[in-house]
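Q: Take a look at the following structure, please.
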Amino acid sequence: MNLIDFFNRNVHMFPDKAALIFQDRSWSYGQVDNMACRVANGLAKFGVQRETKCAVISRNHWLGFAALLGILKSRGTWVPINVGNAEEDHLYILDFFDVEVLFYQKEFEALARRVRDEIPAIRHFICIDGAGECGPGLEEWMAHQSDEAVALPLDPDGMCMLRGTGGTTGRPKAVMNTNRNFMAMIANYRARMKSDGASVYLAAAPLSHAAAMFAFINIALGGTMVILPKFDALAVLASIEKHRVSLIYLPPTAIYSLLSHPKVHDFDYSSLRYFIYGAAPMSAAKLGEAIGVFGHVMTQAYGQHEAPAGITFLSAEEHLDANGKLDERRLLSCGRPAAFTRVALMNDDGEFVARGEVGEIVAQGDIVMRGYYKNPEATAEVSKFGWHHTGDLAYEDEDGFLYICDRKKEIIITGGFNVYPLEVEQVILSHPSVQDCAVVGVPDPKWGEAIKAVVELKPGAPVPPDELIAMCRERLGPVKTPKSVDFVAALPRSAVGKVMRRAVRDTYWVGEARRV
């Protein structure tokens, strides 16, 4: 199937059902399809054809999503742009990714002007929320396009999305995701998620990132999507009750904000069936707290752009032991292999490691990307030995659950011992005064690298550094205990909310000839 087929099926089966809700307005599948067809036919006039790159830069907006559907109907390739990135990053992506059409929100007019002046390959501009300086308003433009239905050939290996990697260690690579990738992703979730046709998905995280993946999973479930313009903790909590939300995805940092909100216990969350978390490790202590607040609905998805949301899965039931109580150890797991993905742990020589030993998570199957756009060297590097290499280190327990230790290149080597930052962060995050933290190795004349914790505290919740160090020493022993603690007002985060541990680490290595 093509990715757009799931939407088209809903249009055929229940055209009057609510597809999108935005700012208390609702649009049916039939209404959204009419707009998406107009976008697709208008793009055809621009010369858009199979794999023509069309970018969308917008905060969460129903017309932005309608434009995305139109791109898919035209057989074009959707290029999502994270609004939180720097303007220079936007320009690099739009240029290097060979974008030809740009849909943009009016607040990004200055960027659109630069794009028009500096990237001549982008010939067409459409302003999502009203007429702009660089192009017509989307609704006005759509009114002049045909609403004739678009028939598409089956194209499982066609590239439907081209998106940048995080780019925290240099220029982002361009991941080529195909219709087949998303078909496998949806199959993985349909295998684990029960559906009664009444799914309501709350899109509170950016639709330019993982939230869009779950939007299509929700479409495959025949569901309705409620769109929030941006993440706001109170709006999320209230929307779950108001719209009887059954499915939501958020990264851990956003969930922490929900848990610390003074009104977190004021709303009814009984409609929730799947509260999916992922994109970064989550504190076991805060995961337990989330289960206490939202119920036994917390569900972990582990994947990456190169294998979208479909490598491992930890169901709500798997957070519990045989007696129905929280399995404290299991809360640290990223789950077991997804139903339609081959997963293994491999050493640097391409050999599978024994159960209990640490190896890199590798994957095979239809979930794995076509490759990196215009970068065969990077594609070959990440595809060694015939498997996709995630860069994440993990071990497998006796029940087949995987436990991520850390990113392969972020191990701290102190006094000859390997220390995984995540293990130390989990302990520090269990302290009630800690909002978030990053554990890094810093230069040390004796140890080579010394462990440092950089901590962001909750408002009005001071804690002496010696208290955090003592807690780590008690639970981890002396080797893994931070030698020092620094407090910061806010940790650096990527456009999707991940703490950028590498950026934290780099501040301590300025001027060093060696960085290990």
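Q: Failed condition for Met183, given (1) under 29 Å from Asp392 (Cα atoms); (2) assigned to a loop (DSSP other than H, G, I, E, B); (3) touching a residue at least 60 places away in the same chain (Cβ under 8 Å), with all others met?
A: With respect to (1) under 29 Å from Asp392 (Cα atoms); (2) assigned to a loop (DSSP other than H, G, I, E, B); (3) touching a residue at least 60 places away in the same chain (Cβ under 8 Å), Met183 is out only on (2).
Q: Right, here's the next one. Taking the conditions exactly as written (of a type outside the set (Gly, Ala, Ser) and modelled with pLDDT under 95), does Arg407 satisfy them or not?
A: Numbers: of a type outside the set (Gly, Ala, Ser): yes; modelled with pLDDT under 95: yes.
Yes: the conditions hold for Arg407.
Q: Working carefully through the options Ala470, Ala453, find the one that is open to solvent by 50 Å² or more (accessible area, probe 1.4 Å) and either touching a Phe, Trp or Tyr at 6+ places or on another chain (Cβ under 9 Å) or at pLDDT 95 or above (or both).
A: Criteria check complete, one pass: Ala470.
Q: Part of a loop (DSSP other than H, G, I, E, B) and among the aliphatic types (A, V, I, L, M) - does that describe any residue in region 246-263?
A: No; the residues of region 246-263 include none that is part of a loop (DSSP other than H, G, I, E, B) and among the aliphatic types (A, V, I, L, M).
Q: Looking at the structure I just gave you, is Val427 in contact with a helix residue (DSSP H, G or I) (Cβ under 6 Å, 6 or more places away or on another chain) and in a strand (DSSP E or B)?
A: No: the conditions fail for Val427.
Q: List the number of the failed condition for Ala151; all other conditions in (1) surrounded by fewer than 17 Cβ atoms within 10 Å (Cβ to Cβ); (2) touching a residue at least 12 places away in the same chain (Cβ under 8 Å); (3) in a loop (DSSP other than H, G, I, E, B) hold.
A: The failed condition is (2).
Q: Name the residues in region 127-143 that are touching a residue at least 12 places away in the same chain (Cβ under 8 Å) and not in a helix (DSSP H, G or I), would you?
A: Correct list: Cys127, Ile128, Asp129, Gly130, Gly132, Glu133, Cys134, Gly135.
Q: Okay, next question. So, in region 257-299, of the ones that are of a type in the set (S, T, N, Q) and buried (at least 22 other Cβ atoms within 10 Å of the Cβ), which residue ends up nearest to the chain's Cα centre (by Cα)?
A: Thr299
Q: Can you find, within region 130-145, the residue that is nearest to Ala67 (Cα to Cα) among those that are open to solvent by less than 50 Å² (accessible area, probe 1.4 Å) and in contact with a helix residue (DSSP H, G or I) (Cβ under 7 Å, 6 or more places away or on another chain)?
A: Leu138
Q: Please tell me if Gly391 is at positive phi, touching a helix residue (DSSP H, G or I) at 6+ places or on another chain (Cβ under 7 Å) and open to solvent by less than 40 Å² (accessible area, probe 1.4 Å).
A: Spelling it out, Gly391 is indeed at positive phi, touching a helix residue (DSSP H, G or I) at 6+ places or on another chain (Cβ under 7 Å) and open to solvent by less than 40 Å² (accessible area, probe 1.4 Å).
Q: From the list Glu360, Glu381, Glu328, which residue is at negative phi, assigned to a helix (DSSP H, G or I) and either over 19 Å from the mean Cα position of the chain (by Cα) or free of Cβ contacts under 8 Å to residues at least 60 places away in the same chain (or both)?
A: Glu381
Q: Checking Ala489 against (1) open to solvent by 30 Å² or more (accessible area, probe 1.4 Å); (2) more than 30 Å from Ile81 (Cα to Cα); (3) free of Cβ contacts under 8 Å to residues at least 60 places away in the same chain; (4) outside any strand (DSSP E or B), which single condition isn't satisfied?
A: With (1) open to solvent by 30 Å² or more (accessible area, probe 1.4 Å); (2) more than 30 Å from Ile81 (Cα to Cα); (3) free of Cβ contacts under 8 Å to residues at least 60 places away in the same chain; (4) outside any strand (DSSP E or B) applied to Ala489, the lone miss is (2).
Q: So which helices (runs of 4 or more DSSP H) stay within region 36-126 end to end and still have 3 or more residues that are small (Gly, Ala, Ser) and modelled with pLDDT under 95? Break it down into steps so the answer makes sense when it comes.
A: Numbers: elements: 62-73, 87-96, 109-118.
Filter on region 36-126 gives an empty set.
Q: State which residue is nearest to Arg273 (Cα to Cα) when the search covers only region 204-249 and only residues that are open to solvent by 30 Å² or more (accessible area, probe 1.4 Å) and over 18 Å from the mean Cα position of the chain (by Cα).
A: Among those that are open to solvent by 30 Å² or more (accessible area, probe 1.4 Å) and over 18 Å from the mean Cα position of the chain (by Cα), it is Arg244.
Q: Name the residues in region 66-117 that are among the aromatic types (Phe, Trp, Tyr) and open to solvent by less than 10 Å² (accessible area, probe 1.4 Å), would you?
A: Phe97, Phe103, Tyr104
The values are calculated or read from the model by the stated rules, or taken from the named source; none is laboratory data. Only a predicted model underlies this, so the values are computations on that prediction, with no experimental measurement involved. Positions of Cβ are backbone-derived with ideal geometry, glycine not excepted, and every protein chain shown enters the neighbour counts. Surface areas here come from the heavy atoms of the whole protein model, side chains and all, with no ligands, DNA or RNA. Shrake-Rupley method; radii C 1.70, N 1.55, O 1.52, S 1.80 Å.
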